[in-house]
Every structure is written in structure tokens, then in C-alpha cells.
Amino acid sequence: MLGREVVERQQLVAVLGDLRDAQQEEERLLPGHGSGPGVHTPQYETREVFGLRLSPQRDEVRLSTVLLDNLVCGTLPTTAAEDLLLGPTVLRYTQSNSVCYLRDGATLAIGAGQQSRVDCTRLACTKTDTWWLRRHPAVRALAFTPDTRRQDRINWQIRFIEGDLTPDESTRLHTALSAPAPELTDEQRTQWLAGLAEVAFVSDGAWPFRDNVDHAHRHGFAYIAEPGGSIRST
């Protein structure tokens, strides 16, 4: 038995040695793809899409308050500055065009992948309104049966907020609830949405037109960060 354990241990050491050698060879052939202190990602990330080779440069911009030194107007509270710096971090990993809404250190909504940036803004605004309305007392008071799954509860909350349930949906929602729920009126929605404020709005690209700002203004935003660079930015 002892001899068998020795053989197995030797085999394990050999396997680990092969894996280590393979990793070292990979790091030698692909500099920047290794792991450990002092290792950096490649300067360019290259990929090929339908015969077109794309080689974007690595994003080396450090996200710090220095980026917010060009304050156009007003004052910038510390919490707002933190939200405005969180935004670019989120958008770095989001498909462009993209914008995001943030508040109190959390991302409320992302609008991405649209051909028009204002459509991204509209999408993010709609998601933000839904996020805020889910905190309405009438929505929180929805009494679901114990066997209603968590995601089903979220889905029903959203449909309850939207308010345009089909007869079939109304029947199924009634079944999912242990007690009847009064309808959420348009007036209640409007009053509750008016309480949404101090929201940060961040874009991964310049806004050549003010339509994004005008639209976002109707949804509680108070702070904006965008890279600028457009002729119309001035």
C-alpha cells in the first residue's frame, strides 16, 4: 500500500510540474497574460470580426477626482463625485453607446447598445423610474403567496407598476397574491416619481445635442459627467 501511495504522489508531482511549465511557456509567448505582481495586460486588445481586425488600445485612464476638475457650473458634493466616478467604471464594461444612472453608490440603470445615444438615455430613464416605483408603498405592500418565486415577484411588481395588464395577467396576478391589491394610479406614479432626485448621469461618449440632458432632467438627475470633445460641447 505504501509503495502505491508513493507512486501516486510522484504522478501528482509530475502533473503539477507539467502544468507549471505550461503556464510559464504561455506567459513567455503571451506577455501580459500571466498572473502575479507586476504583470500588465497587453497595450492592445486584438479581435477579428467577419474579417475585420480591431485593435483598440488598453484603457489606462485612472479614475480619480482629477477627471472632475472641469466643473462647468454649481458645486459637486462628495457623494455625487463618487457616483460620477463609479459611472465610467460601469460603462467600461458595457456595450457602447451607453449611459448609466447612479445614486448613493449604486447603479440604478444602464442604457446601452442603441444606435442613438438619446435612445440609450430613454432606456436608462425608464429603468430608473421602474427601480424607484418598486419602492412605492403600494408596490411593497403586494402580499404574494409563499410559493411565489422571488423572480416571479419581481416580474409581477414591474407589471403592476406598468399597469397595462391583460385579463389573463390580472387573473394570474390575483392568484399569486394572498390579498387583493388596489390599482396604482397615474397620479400616485407621478407624485412618487417627483421624489426621485440627486441622481448622477454618466455617458461613455460626448453629447453633441442637449436632447439627452433635457430628457434626463425629467427623471431626477442632478449631476452629469461626459467626456466632451464634440464641436457642440463648447
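Scanning the stretch 73-115 for residues that are aromatic (Phe, Trp, Tyr) and open to solvent by less than 10 Å² (accessible area, probe 1.4 Å) yields one hit, TYR101.
One line per residue, one yes/no per condition, for (1) among the small types (Gly, Ala, Ser); (2) more than 30 Å from GLN188 (Cα to Cα); (3) more than 16 Å from the chain's Cα centre (by Cα):
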site: ASP69; (1), (2), (3): no, yes, yes
site: ARG103; (1), (2), (3): no, no, no
site: GLY111; (1), (2), (3): yes, no, no
site: CYS125; (1), (2), (3): no, no, no
site: GLN151; (1), (2), (3): no, no, yes
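If you go through the stretch 40-63 and keep only what is surrounded by 10 or more Cβ atoms within 10 Å (Cβ to Cβ) and either over 24 Å from GLY111 (Cβ atoms) or aromatic (Phe, Trp, Tyr) (or both), you end up with HIS40, THR41, PRO42, GLN43, TYR44, GLU45, SER55, ARG58. Contact map, the stretch 39-66: first residue more than 28 Å from ALA225 (Cβ to Cβ), second residue in a strand (DSSP E or B) and open to solvent by 100 Å² or more (accessible area, probe 1.4 Å), Cβ cut-off under 7 Å, separation 6 or more or different chains; pairs are THR46/ARG53. Within the stretch 218-231, residues that are under 7 Å from ALA206 (Cα atoms) sit with their Cβ atoms under 8 Å from residues that are open to solvent by less than 50 Å² (accessible area, probe 1.4 Å) and hydroxyl-bearing (Ser, Thr, Tyr), at 6+ positions apart or across chains, in these pairs: GLU226/SER203; PRO227/SER203. Within the stretch 80-109, residues that are assigned to a loop (DSSP other than H, G, I, E, B) sit with their Cβ atoms under 9 Å from residues that are basic (Lys, Arg), at 6+ positions apart or across chains, in these pairs: ASN97/ARG117. Of all the residues in the stretch 209-232, those that are surrounded by 15 or more Cβ atoms within 10 Å (Cβ to Cβ) and of a type in the set (Ser, Thr, Tyr) number 1.
If you go through the stretch 47-64 and keep only what is at pLDDT 85 or above and among the polar types (S, T, N, Q), you end up with just SER55.
Being more than 28 Å from the chain's Cα centre (by Cα) and open to solvent by less than 70 Å² (accessible area, probe 1.4 Å) is the requirement here; does ALA206 meet it? Here the answer is no, as ALA206 does not meet what is asked. None of ASP83, ASP104, ASP69 is at pLDDT 90 or above, within 25 Å of PRO208 (Cα to Cα) and of a type in the set (Asp, Glu) except ASP83.
In the stretch 180-196, the residues that are over 14 Å from LEU165 (Cα atoms) and open to solvent by less than 100 Å² (accessible area, probe 1.4 Å) form Cβ pairs under 8 Å with partners that are assigned to a helix (DSSP H, G or I) and of a type outside the set (A, V, I, L, M, F, W, C), at six or more places apart or across chains, as follows: LEU193/ASP129; LEU196/THR128; LEU196/ASP129.
The values are calculated or read from the model by the stated rules, or taken from the named source; none is laboratory data. Since this is a predicted model, take the numbers as computed values, not measurements. In this analysis, Cβ positions are derived from the backbone assuming ideal geometry, glycine residues included, and neighbour counts consider all displayed protein chains. Quick note on the areas: whole protein, heavy atoms, side chains included, nothing else; ligands and nucleic acids left out. Shrake-Rupley method; radii C 1.70, N 1.55, O 1.52, S 1.80 Å.
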